[in-house]
Amino acid sequence: MLIRFVISNFLSFDEETEFNMLAGSFKQHKEHVYKVGKLKVLKAAAIYGANAAGKSNLIKAIDTLQNIVEEGGIPSDLENKKFKLNPNNKEKPIQFEIEFSIKNKIYAYGLIINKNQIIEEWLYESGIEKEDKLIFERKSDKKRKLKISLGKKNISQKEKLLIELLEDNLVQENELVISKYEILKIKEITIVYEYIIEHFKIVYPNDKQIHFLNFLIKRFPNYLENLIKSFDLGIENFDIQKEDAITFFKNIYDLDYLEKIFKNESSALIIHNEIPYHLVKNDEKIYVEKSIINHLANNIKIGFDLGEESMGTQRIIDFLPFIVMLKMSEDIVILIDEIDQSIHVNLLYELVEKIMSLTDTKGQLIFTTHESNLLDLKIFRQDEIWFAEKDRQKGSTQLYSLSEFNPRYDLDIRKGYLQGRFGAIPFLADLEKLDWSNLEIKQENQEEDKEEDKEKNKAQKND
């Protein structure tokens with residue numbers, strides 16, 4: 001479970017800014033609250049804000065931290081992602097810290113990075129009513145000398161030698177200590193490393209998740225059928241159709257290419273025309289497994305390829321795996337940027353309402369959106385609604401929760417948002433200052449001048 005994320009000097013974030021999933025004392029939607037030890041953590045967060053307010057940058061920041069951990073080092077372009085509207089920030093470091101729970105244990109992992117060097121890195125087991133427990137900490141002095149400390153009380157001679165090796169040459173100044181989990185063999189470090197990589201699922205507007213569909217059809221056919229019917233898209237159910245790959249991809253891919261895809265695996269995935277196809281190898285033959293969407297017309301099932309469906313239907317199918325993940329995986333955190341992309345507002349409302357009404361979910365859903373119709377306290381708690389707003393003087397992103405305003409439960413949140421009561425809405429210019437009427441008069445005069453010029457040219461030719 002994500003508990004909080006802290007960021008500074010990255011993209012549109014200037015000073016230290018915190019986003020958190022901590023539940024307040026609100027009584028509505030108690031089923032949206034998970035207990036993590038003595039903490040209460042929220043099931044979801046909807047993040048609103050104008051274009052360029054920076055709400056997507058929060059998703060990008062978590063994505064960047066995840067990529068840094070996975071790659072084990074700093075990307076070459078990270079320095080260029082510092083907050084640029086403050087000239088002093090060029091010399092200041094970027095900072096990330098993420099706090100989350102794994103099986104009721106809470107961990108905090110953080111990084112301070114400057115000029116392609118990791119200045120500090122730390123991992124703690126957080127204590128709610130007791131002191132935090134250090135797992136490891138690394139710092140660099142002014143001479144860029146690396147120092148690693150372990151939180152273990154009794155460190156063996158072998159571990160001391162290992163730390164010395166890591167400090168001397170095994171960990172470069174742009175490499176993470178956490179990425180050396182296989183060498184360190186410290187249980188907590190391995191758990192945290194794997195959690196950050198595997199349990200944060202980040203989805204951008206153009207990402208396709210429908211390659212999970214075959215898996216869902218095979219694993220949860222009845223649940224999937226009932227789920228898709230509930231959206232009233234005219235879809236009856238799903239099937240998987242199997243075809244010979246050479247025939248299917250005739251004149252597109254040759255046998256040698258398809259063989260290379262497999263290597264030593266018995267299955268693979270190939271994307272063609274933005275549609276994913278599962279390739280299965282059986283008895284030295286390669287088959288294509290593709291998802292078929294069955295519609296019902298006059299009580300007759302008619303199958304459609306995924307690519308024949310509308311973008312809105314494909315987008316809903318994109319989200320089906322996440323609904324299953326939220327139900328099945330206790331520690332999954334799904335972050336979706338612009339959840340309203342390519343979905344009709346009524347269908348989006350139904351999708352989000354359905355997810356939020358599920359009482360047996362285990363994971364978390366965090367998304368950014370412009371869609372004001374989702375600002376409904378019948379769907380969300382006050383502390384599940386967040387706003388991103390640009391500071392007009394500094395140009396930096398500010399994050400705050402609706403709970404800070406303590407609105408009444410019966411308040412029309414959407415109306416208040418659009419009226420600017422909570423900030424975070426687009427700046428609407430005074431249209432009267434655009435002087436439309438004078439512009440129309442100028443256009444009319446220009447047309448009259450053109451007509452006069454035409455008449456003069458005709459007269460000159462006649463003369």
task = Being part of a strand (DSSP E or B), within 20 Å of LEU227 (Cβ to Cβ) and touching a strand residue (DSSP E or B) at 6+ places or on another chain (Cβ under 7 Å) narrows it down to one of PHE367, PHE322, so name that one.
result = PHE367
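To keep it simple, each residue is scored yes or no on (1) under 30 Å from LEU123 (Cα atoms); (2) touching a helix residue (DSSP H, G or I) at 6+ places or on another chain (Cβ under 7 Å); (3) among the acidic types (Asp, Glu).
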position	(1), (2), (3)
ILE191	yes, no, no
TYR204	yes, no, no
ASP207	no, no, yes
ILE217	no, yes, no
PRO221	no, no, no
ASP254	no, no, yes
GLU259	no, no, yes
ALA268	no, yes, no
HIS278	no, yes, no
query = Within the range 201-249, can you find the residues that are open to solvent by less than 20 Å² (accessible area, probe 1.4 Å), part of a helix (DSSP H, G or I) and not aliphatic (A, V, I, L, M)?
reply = ASN214
query = So MET328 clears everything in (1) closer than 22 Å to LYS201 by Cβ; (2) at pLDDT 85 or above except one condition, right? Which one?
reply = (2)
request  = Please determine, by comparing only the residues of the range 52-67 that are buried (at least 20 other Cβ atoms within 10 Å of the Cβ) and of a type in the set (Gly, Ala, Ser), which one is modelled with the highest pLDDT.
outcome  = ALA61
request  = Could you identify the single residue in TYR195, TYR253, TYR287 that is open to solvent by less than 70 Å² (accessible area, probe 1.4 Å), more than 21 Å from ARG315 (Cβ to Cβ) and either touching a residue at least 60 places away in the same chain (Cβ under 8 Å) or assigned to a helix (DSSP H, G or I) (or both)?
outcome  = TYR195
task = Could you check how many residues of the range 376-434 are at pLDDT 90 or above, hydroxyl-bearing (Ser, Thr, Tyr) and touching a helix residue (DSSP H, G or I) at 6+ places or on another chain (Cβ under 9 Å)?
result = 1
request  = Would you mind finding the one in LYS362, LYS301, LYS327 that is open to solvent by 40 Å² or more (accessible area, probe 1.4 Å) and not in a strand (DSSP E or B)?
outcome  = LYS362
note = If you go through ASN104, ASN80, the only one that is in contact with a Gly (Cβ under 7 Å, 6 or more places away or on another chain), among the polar types (S, T, N, Q) and open to solvent by 10 Å² or more (accessible area, probe 1.4 Å) is ASN104
message = Among the residues in the range 258-277, are any open to solvent by 40 Å² or more (accessible area, probe 1.4 Å), among the charged types (D, E, K, R) and under 27 Å from ASN206 (Cα atoms)?
response = yes
inquiry  = Suppose the filter is part of a loop (DSSP other than H, G, I, E, B), touching a helix residue (DSSP H, G or I) at 6+ places or on another chain (Cβ under 9 Å) and at pLDDT 90 or above; does GLU338 pass it?
reply    = yes
remark   = How many residues of the range 68-113 are of a type in the set (S, T, N, Q), in a strand (DSSP E or B) and modelled with pLDDT under 95? The answer is 1
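The values are calculated or read from the model by the stated rules, or taken from the named source; none is laboratory data. All of these numbers come straight from a predicted model, not from anything done at the bench. So basically every Cβ, Gly included, is an ideal-geometry build from the backbone, and we count neighbours across all protein chains shown. With ligands, DNA and RNA removed, areas are computed over all heavy atoms of the protein, side chains included. Shrake-Rupley method; radii C 1.70, N 1.55, O 1.52, S 1.80 Å.
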